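S.K.: One structure coming up, written as structure tokens, with questions to follow.
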Amino acid sequence: MNKEKGSKRKLSSDASSDEDEDSEFVYFEEESDSEPEINCDKWDNCRIVKFNYPKICTGYHLMPTCSPNPDENPNKKVKLLAEIRTNLLDGDFMKEFQNAWNKNKGFNSNETEIIVDPFKVCVIRNFLDNPHLLNDVRQEFNDIDWNLRSMDLYEFSQSKDLKHLSEHACINSVYQFLQNDVMKWVAALTGLTLTHISATCSAYSNTDYLLVHDDQREDRMVAFILYLTGPEGWDESKGGALQLLNKDSDCQPSQIVHSILPANAQFVFFPVASDSYHQVSEVTSLGDSRLSINGWFHTKVPPVYDTPSFKSYPDGLFGEKQYKAIDFDSDLSSWLTDGYLECDVISEIHEYFEEHSEISLKNFLREEPFNELSQLLDSNSLSWVKIGPPNRHCYEVAKTNDLPIVVDRFLRLFQSKQMFSLLGRLTGLELNQNKASMKFELQKWTPGCYSLLGDYDWYDKKQLDLIIHFGCKCNSDVCGARTLYVTTDEQVQDALITLEPEENNLNLIYRDTARFTKYFSKLSRCRCFYTLICSYTE
């Protein structure tokens, strides 16, 4: 177990464009716990990112002696300014598009597609009339400062808002293009009132991802992505697809029904809505990065969204069901490794826990019951149910109504009066009182699983978390899947405790903060592990 304490970091919530002096209203975006911050005062974990794309077109360097007029400089035919592909501005095309868009009909013409299921998305291939400009933009990606964005929802590299990158000529040119030409064009096509833009450069490298969310945040109206994947191209094996999810009967995100692969100079946009659930799948390419300029077109009056109701899995950690201590017809010494029941060892653990509020006890279970449990968990003798929805959780839990005898007794062990009493002695908590209770989940983790913070009231109760893993003999075989204990100070989340999945360690954490488990990478050597997690309340 790694325990890391750091100072809290404040990030600016200002994601708006500079206002004109005559503006009569204020653009704003409040902070969010589950969206990437696009403009912050302090850049932590800054890193230099090199993408190694060849610089094919240089554009104008805009010296006084170098006229931008190509007729005066026939060797300078490359345009610095971005332009929308000409036939996308054709009046007949725009009328046909508007008709399909307003009637929520599918559309496929002129390398432009309108997807209507599960929600309305427009995909335009070869969006630019001068795509060679993107070669220079990729080169400038090597020169900007990148911040590693790592939270429960995502992990990728991001620049500051483009309004702060004016010294990079090509990036600034694309920013002005999006802010002026593209925003007006999208507004004309969709009939939406768009007032200003926020945008950043994003780079998803090996194992980076963005999990399920809907982009709802104050005055965002339309989300957009301009891809810069480069001359190598992109295919499904590299991951990084924009994936669209449908919704279930409770209006919660459900299944992936459409995937949009990155393509150079491809432009994608969609209105932000209460059901615009999407994600960026994990990038699995070892030698290529998913590069884009992305952001939102905003509106003057923030839209009003309906928040769908959410029902937690009733028998799990976030449900209402509580378990009281039960009688158990087995002695703890038949389960626990020699030493953990000795008075001097218990006193030593208690002293450490009182000072640190956490401890990891190695090889907690005896070898024989641990090995037997491990074999049963890997067999087909348990039934599992998937926990969701995917904008909150994605893993499986064991159904407890028909368990193998050994597994059932193992779970009863942690519900027993003997275990309540032992945990009280180890931690100093009053767990031997009648009002003490617990919740638990026996979880199955495979690549692609995670558990997000969500809107659970983490500070409502202070609890003792107990976590023990099976099936991960070497934690270096697991990429991601760490359990983090964090404070939630608006946008800032500092990991106080980082718990690596390592089998047969009993981890005890007095939780007065929030907890989440990072995405389990598909590039992990470990393909499956199991976790028992219990939360005890005094």
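S.K.: Considering only segment 504-538, state which residues are touching a Cys at 6+ places or on another chain (Cβ under 7 Å) and either surrounded by fewer than 19 Cβ atoms within 10 Å (Cβ to Cβ) or not in a strand (DSSP E or B) (or both).
M.R.: Once the filter is applied, which keeps residues that are touching a Cys at 6+ places or on another chain (Cβ under 7 Å) and either surrounded by fewer than 19 Cβ atoms within 10 Å (Cβ to Cβ) or not in a strand (DSSP E or B) (or both), segment 504-538 yields Ser521, Leu523, Ser524, Cys526.
S.K.: Name the residue, out of Asn505, Asn475, that is more than 24 Å from Gly319 (Cα to Cα), at pLDDT 95 or above and of a type in the set (S, T, N, Q).
M.R.: Asn505
S.K.: Within segment 104-122, which residues are within 18 Å of Asp92 (Cα to Cα) and acidic (Asp, Glu)?
M.R.: Within segment 104-122, Glu111, Glu113 qualify.
S.K.: Let me spell it out: the conditions are (1) in contact with a strand residue (DSSP E or B) (Cβ under 8 Å, 6 or more places away or on another chain); (2) over 28 Å from Ser524 (Cα atoms), and Arg482 meets all of them except one. Which number is the exception?
M.R.: Looking at each condition in turn, Arg482 falls short on (2).
S.K.: Please list, ordered by first then second residue, the pairs with beta carbon atoms under 9 Å, 6 or more apart or interchain, first in segment 261-285 and in contact (Cβ under 8 Å) with a residue 60 or more places away in the chain and within 15 Å of Asn206 (Cβ to Cβ), second surrounded by 23 or more Cβ atoms within 10 Å (Cβ to Cβ) and of a type in the set (D, E, K, R).
M.R.: Cβ pairs passing all conditions: Val280/Asp208; Val280/Arg290; Glu282/Asp208; Val283/Asp208; Val283/Lys238; Val283/Arg290; Thr284/Lys238; Ser285/Lys238.
S.K.: With the requirement that a residue be of a type outside the set (Ser, Thr, Tyr) and out of contact with any strand residue (DSSP E or B) (no Cβ under 8 Å at 6 or more places or on another chain), what does segment 411-441 give you?
M.R.: The answer is Leu413, Gln418, Met419, Leu422, Gly424, Arg425, Gly428, Glu430, Asn432, Gln433, Asn434, Lys435.
S.K.: How many residues are closer than 21 Å to Phe269 by Cβ and either over 25 Å from the mean Cα position of the chain (by Cα) or surrounded by fewer than 22 Cβ atoms within 10 Å (Cβ to Cβ) (or both) when one looks only at segment 136-162?
M.R.: Residues meeting the conditions: 3.
S.K.: Quick test for you: out of Asn246, Asn206, pick the one residue that is closer than 22 Å to Gly454 by Cα and surrounded by fewer than 22 Cβ atoms within 10 Å (Cβ to Cβ).
M.R.: Asn246
S.K.: With the condition kept exactly as written, say whether any residue in segment 209-219 is part of a loop (DSSP other than H, G, I, E, B), in contact with a His (Cβ under 7 Å, 6 or more places away or on another chain) and open to solvent by less than 10 Å² (accessible area, probe 1.4 Å).
M.R.: Yes, the conditions are met somewhere in segment 209-219.
S.K.: Next up: Among (1) open to solvent by 40 Å² or more (accessible area, probe 1.4 Å); (2) in contact (Cβ under 8 Å) with a residue 60 or more places away in the chain; (3) assigned to a helix (DSSP H, G or I), there is one condition Tyr313 misses while meeting the rest; what is its number?
M.R.: Looking at each condition in turn, Tyr313 falls short on (3).
S.K.: Residues Ile293, Ile256, Ile326: which one is over 28 Å from Glu218 (Cα atoms) and either at pLDDT 95 or above or of a type in the set (A, V, I, L, M, F, W, C) (or both)?
M.R.: Exactly one residue qualifies, and that residue is Ile326.
S.K.: Among the listed residues Phe414, Phe440, Phe420, which satisfies the condition of being more than 33 Å from the chain's Cα centre (by Cα), open to solvent by less than 60 Å² (accessible area, probe 1.4 Å) and at pLDDT 95 or above?
M.R.: None of the others qualify; the one that does is Phe420.
S.K.: In the set Ser374, Ser360, Ser381, which member is of a type in the set (Gly, Ala, Ser), in a helix (DSSP H, G or I) and either open to solvent by 20 Å² or more (accessible area, probe 1.4 Å) or touching a residue at least 40 places away in the same chain (Cβ under 8 Å) (or both)?
M.R.: None of the others qualify; the one that does is Ser374.
S.K.: Residues to consider are Asn130, Asn104; find the one that is in contact with a Lys or Arg (Cβ under 7 Å, 6 or more places away or on another chain), more than 15 Å from Ile225 (Cα to Cα) and at pLDDT below 95.
M.R.: Only one candidate passes the filter, namely Asn130.
S.K.: Can you find, within segment 148-165, the residue that is nearest to Ser205 (Cα to Cα) among those that are among the polar types (S, T, N, Q) and at pLDDT 95 or above?
M.R.: Filtering first and then ranking leaves Ser157.
S.K.: Then there's this: If I filter segment 256-291 down to residues being out of contact with any helix residue (DSSP H, G or I) (no Cβ under 9 Å at 6 or more places or on another chain) and acidic (Asp, Glu), which single residue comes out as surrounded by the most Cβ atoms within 10 Å (Cβ to Cβ)?
M.R.: Glu282
S.K.: Counting only residues that are more than 26 Å from Asn110 (Cα to Cα), give me the strands (runs of 3 or more DSSP E) lying completely in segment 228-284 with at least 1 of them.
M.R.: 242-247, 253-260, 278-280
S.K.: Inside segment 479-502, can you point out the residues that are open to solvent by 10 Å² or more (accessible area, probe 1.4 Å), modelled with pLDDT of 90 or more and in a loop (DSSP other than H, G, I, E, B)?
M.R.: Cys479, Arg482, Glu500, Glu502 - these are the residues of segment 479-502 that are open to solvent by 10 Å² or more (accessible area, probe 1.4 Å), modelled with pLDDT of 90 or more and in a loop (DSSP other than H, G, I, E, B).
The values are calculated or read from the model by the stated rules, or taken from the named source; none is laboratory data. Quantities reported herein were computed from a predicted structural model and do not represent experimental measurements. Using ideal geometry, Cβ is built from the backbone for each residue, glycine included, and neighbour counts are taken over all protein chains shown. Calculation scope for accessible area: heavy atoms of the full protein, side chains included, ligands and nucleic acids excluded. Shrake-Rupley method; radii C 1.70, N 1.55, O 1.52, S 1.80 Å.
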